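Novice: Before we start, here is the structure in question, set down as structure tokens.
The values are calculated or read from the model by the stated rules, or taken from the named source; none is laboratory data. As the structure is a prediction and not an experimental result, all values here were calculated from the model. Cβ coordinates were reconstructed from backbone atoms using ideal geometry, including for glycine residues, and neighbour counts include every protein chain displayed. Heads up: the accessible areas ignore ligands, DNA and RNA and are worked out on the full protein's heavy atoms, side chains in. Shrake-Rupley method; radii C 1.70, N 1.55, O 1.52, S 1.80 Å.
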Amino acid sequence: KILREWTSDGLLINVQDIPPQTIELLREYEIPSVWINSKAEADCVHPDDLRAGEIATEHLLKLGHRRIVYLAYDSSHYSVVDRRRGYENAMQRVGLQSLSVSISSHPDHRSECIAACAQLLTDSSMPTAVICHASYNALLLLHIATRQGLQVPDDLSIITFGEYAEHVCGPHIATVILPLYEMGRNAVQMLCEKIAEPALQLTPRALPVEVVEGETCAPPR
């Protein structure tokens, strides 16, 4: 419908689970396409999520944290895998044990996520810092920590990933900023190249990230 009725010259695709048949059709007919927020062998642009996981962990390590937990989604999306791997790499480099806890990203499982976060903050080996896969996790964790009488960041440091530093619950959450604007700009540039030469295989672009320190990270007590 997009190609026939809208007579588009190319496609910017930002879909996590696209059917394999669609991918084959795009390749077979050499339809100019660029994948956004996706990691493939070619024609894609995404944040450098591996480095993002490392940067978040390094930020906490520099503050003196050693019991750092990674709170992840139970998803196979490359960003979940890469951010967690970046965390594990940074922990391994300083000889520390990594620990990941996965929670559901489905809205219907909110009560299970709350229970998992509450359990994480009541264990005898409670972490001094948590890296959250997304701002939703960070906001949820911040709420639960406050409800349990913990002071953020004095008792618990929290850092996450996102387009900007959330502050809906009060403090600005420390965030590794994902370059969504730059991702869109790069995707359009790449698509123009593909439209000019549909058979061209473009090298994947992993865009750099940076930390906004926010107000939820401090040295451990």
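Novice: Rounded, prolate or oblate: which one fits the range 79-132, using the alpha carbon gyration tensor with axes a ≥ b ≥ c (rounded when a/c is under 1.5, else prolate when a/b beats b/c, else oblate)?
Specialist: Values: a/c = 3.75, a/b = 1.41, b/c = 2.66.
Taking the square roots of the gyration eigenvalues as a ≥ b ≥ c, the range 79-132 is oblate.
Novice: Cα axis of helix 180-196 to longest principal axis of the chain: angle in degrees, 0 to 90, nearest 10?
Specialist: That works out to roughly 20 degrees.
Novice: Also: Can you give me the relative contact order of the range 94-186 as a percent, contacts being Cα pairs under 8 Å and 6 or more apart?
Specialist: Values: 92 pairs, mean separation 18.4, N = 93.
Result for the range 94-186 is 20 percent.
Novice: Right, another one. Efficiency by 1/(1 + (r/R0)^6): what FRET value for Glu41 and Ser8, r their Cβ-Cβ distance, R0 = 30 Å, to the nearest 0.05? Mind showing how you got there, number by number?
Specialist: Numbers: r = 24 Å, r/R0 = 0.79.
So, using R0 = 30 Å, E works out to roughly 0.80.
Novice: Next question, about the same structure. Counting only other residues whose beta carbon sits under 13 Å from that of Gln21, what net charge do I get with K and R as +1, D and E as -1?
Specialist: Working: positive: Arg27; negative: Asp17, Glu24, Glu28.
Every neighbour counted, the sum reads -2.
Novice: Just to confirm a number: summing +1 for Lys and Arg and -1 for Asp and Glu over residues other than Val94 whose beta-carbon lies under 13 angstrom from that of Val94, what do you get?
Specialist: Numbers: positive: Lys62, Arg66, Arg67, Arg93; negative: Glu54, Glu58, Glu88.
Summing Lys/Arg as +1 and Asp/Glu as -1 gives +1.
Novice: Listed highest first by mean packing, meaning other Cβ atoms within 10 Å per residue, what order do 17-30, 86-99 come in?
Specialist: Numbers: 17-30: 10.4, 86-99: 16.1.
Packing order, densest peptide first, comes out as 86-99, 17-30.
Novice: Rounded to the nearest 500, what is the chain's calculated 222 nm mean residue ellipticity when only DSSP H runs of at least 4 contribute -39500 (n - 2.57) each, over all residues?
Specialist: Details: 7 runs with 85 residues, N = 221.
When only DSSP H runs of four or more count, the value is -12000 deg cm²/dmol.
Novice: Sticking with this one: Using the beta-carbon distance between Ile18 and Val101 and R0 = 41 Å, what value does 1/(1 + (r/R0)^6) give for FRET efficiency, to the nearest 0.05? Each step should come with its number before you reach the end.
Specialist: On the way: r = 29 Å, r/R0 = 0.71.
Efficiency, rounded to the nearest 0.05: 0.90.
Novice: Once amide H atoms are placed 1.01 Å from N in the peptide plane, what residues at a sequence separation of 5 or more from Leu99, or on another chain, have their amide H within under 5 Å of its amide H?
Specialist: Result for Leu99 returns Tyr70.
Novice: Counting only heavy atoms of the protein chains, get the accessible area per residue of the chain (1.4 Å probe) and round it to a whole Å² value. Could you put the intermediate results ahead of the total?
Specialist: Details: 11900 Å² over 221 residues.
For the chain, the per-residue accessible area is 54 Å².
Novice: With the contact rule set at Cα under 8 Å and sequence spacing of 6 or more, what percent relative contact order holds for the chain?
Specialist: Details: 398 pairs, mean separation 58.0, N = 221.
Rounded, it is 26 percent for the chain.
Novice: Under a plain spin-label model, where a point goes 7 Å from the Cα along Cα-to-Cβ, how far apart in nm are Lys62 and Tyr181?
Specialist: 2.3
Novice: Additional query: Find out how many positive minus negative residues lie around His172, taking Lys and Arg as positive, Asp and Glu as negative, among other residues whose Cβ is under 9 Å from that of His172. Intermediate values should be presented prior to the final figure.
Specialist: Values: positive: none; negative: Glu166, Glu213, Glu215.
Local net charge: -3.
Novice: Additional query: On a straight-distance basis, which lysines could pair with Lys1 in a cross-link, Cα separation under 29 angstrom, same-chain partners fewer than 8 positions away excluded?
Specialist: Here the lysines satisfying the reach criterion relative to Lys1 are Lys39, Lys194.
Novice: Taking θ as phi - 60°, what are the ³J(HN,Hα) couplings along the range 157-164 by the Karplus curve (6.51, -1.76, 1.60), each to the nearest whole Hz, with x for Gly and Pro?
Specialist: 9, 10, 9, 9, 10, x, 6, 7
Novice: How high is the relative contact order of the range 142-216, in percent, with contacts defined as C-alpha pairs under 8 Å that are six or more residues apart?
Specialist: Values: 89 pairs, mean separation 26.1, N = 75.
Once divided by the residue count of the range 142-216, the mean separation gives 35 percent.
Novice: Also, quick follow-up: Given a 10 angstrom Cα cut-off, can you work out which residue in Tyr181, Tyr70, Tyr136 is the most mobile in a GNM of the chain?
Specialist: Comparing Tyr181, Tyr70, Tyr136 in a Gaussian network model of the chain, the most mobile one is Tyr181.
Novice: So, one more: What part of the accessible area of the chain, given as a whole %, is carbon or sulfur when the probe is 1.4 angstrom? Present the calculation step by step, with values, prior to reporting the outcome.
Specialist: Working: 6010 of 11900 Å².
C and S atoms contribute 51 percent here.
Novice: Which three numbers, in whole Å and largest first, are the semi-axes of the equivalent ellipsoid of the range 30-145 derived from its Cα gyration tensor as √(5λ)? Intermediate values should be presented prior to the final figure.
Specialist: Values: eigenvalues 150, 76, 20 Å².
Taking √(5λ) for each eigenvalue gives 27, 19, 10 Å, largest first.
Novice: Another question, if that's okay. Against the longest principal axis of the chain, how steep is helix 49-63, in degrees 0 to 90 to the nearest 10, with axes from Cα atoms?
Specialist: The answer is roughly 20 degrees.
Novice: Arrange the residues Asp154, Asp49 by how much accessible surface each exposes, largest first, with a 1.4 angstrom probe. Could you put the intermediate results ahead of the total?
Specialist: On the way: Asp154 75, Asp49 0 Å².
My answer, sorted largest first, is Asp154, Asp49.
Novice: Of all the C-alpha pairs in the chain, what % are more than 33 Å from each other? Don't skip to the end; give the middle numbers.
Specialist: On the way: 6246 of 24310 pairs.
Value for the chain: 26 percent of Cα pairs lie more than 33 Å apart.
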